[in-house]
Amino acid sequence: MFCIYLKMKKSIFHKQKNNWCNSCIFEVFYYFCNVREERVIIALGSNVHARRNMRTARELLLHLLPSIQFTRCIKTEPIGMSGVASYLNCLCWGTVAMSENTLLAMLKDVERQCGDVREKRAHGLVEMDVDLLLYGSKRHHEKDWEREYIIRLMEEGEINKIIRLKE
């Protein structure tokens, strides 16, 4: 996580004689002392090389967020698109000790590592879509919360109970 934080905040870091300056060290220390654990729910989906990309994304996420758990994967039909392959979807949930922006950047990086690019998406080809649905008490992608497969996976994974217990 330290390397990711440095990458995200590289504009504030500079070297003085091959050592971090005191103000930079203080900022990193302050950041890590003030980040609290937040519960998260993340949705994953792919319709291109779906099994391989899902496996890759899950491995990457487990490496970055070792405490998360995954639901099973289910096949779903595309929403709002015709002539596009079915999707493989799953959810993951757990807690993270990082800022929301850091997590979002990491999720976008997982998409890129699975080969996802805008040009392919324009043609309905989604190598990997990783969406943050919940960070702490803040909900993202409100329409996704109403989707049948999201509701079903939350119930199967008992994610709804976990969220209610922690509220």
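Every read-out reported here was derived from the displayed coordinates using simple, explicitly stated rules and does not represent laboratory data. Since this is a predicted model, take the numbers as computed values, not measurements. Heads up, the Cβs are rebuilt from the backbone with ideal geometry, glycines too, and the neighbour counts pull from every protein chain shown.
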Under Karplus coefficients 6.51, -1.76 and 1.60, residue-wise ³J(HN,Hα) of the range 141-149 in Hz, glycine/proline x: 6, 3, 5, 5, 4, 8, 5, 4, 5
For the range 94-167, rounded, prolate or oblate, judged on the Cα gyration tensor with a ≥ b ≥ c (square roots of eigenvalues), a/c < 1.5 rounded, else prolate if a/b > b/c? oblate
Quick one: 3J(HN,Hα) in Hz for the range 57-72, Karplus 6.51/-1.76/1.60 with θ = phi - 60°, rounded, Gly and Pro as x. 4, 5, 4, 4, 5, 5, 5, 7, 10, x, 8, 6, 10, 10, 7, 6
Just to check I understand the Karplus step: with θ = phi - 60° and J = 6.51 cos²θ - 1.76 cosθ + 1.60, what whole-Hz values come out for the range 105-117, glycine and proline as x? 5, 5, 5, 5, 5, 4, 4, 4, 5, 8, x, 7, 9
If amide hydrogens are placed 1.01 Å from N in the peptide plane, which non-local residues have theirs closer than 5 Å to the one on L134? I41, H140
Scaled to the compact-protein estimate 2.2 N^0.38 Å, what is the alpha-carbon radius of gyration of the range 61-141, rounded to two decimal places? 1.18
Rounded to the nearest 0.05, FRET efficiency between H140 and R36 (Cβ-Cβ, R0 25 Å) equals 0.85
Along its principal axes, what span do the Cα atoms of the range 41-106 show, with the longest given first and each in whole Å? 40, 20, 16
Which trypsin sites (Lys or Arg not before Pro) from the range 68-167 combine a DSSP loop assignment with at most 14 other Cβ atoms within 10 Å? R72
How high is the FRET efficiency from E155 to T95, r the C-beta distance, R0 22 Å, rounded to 0.05? 0.60
How much length is gained if the chain between M81 and R121 is pulled fully straight, taking 0.36 nm per residue apart and subtracting their Cα-Cα distance, in nm to one decimal? 13.3 nm
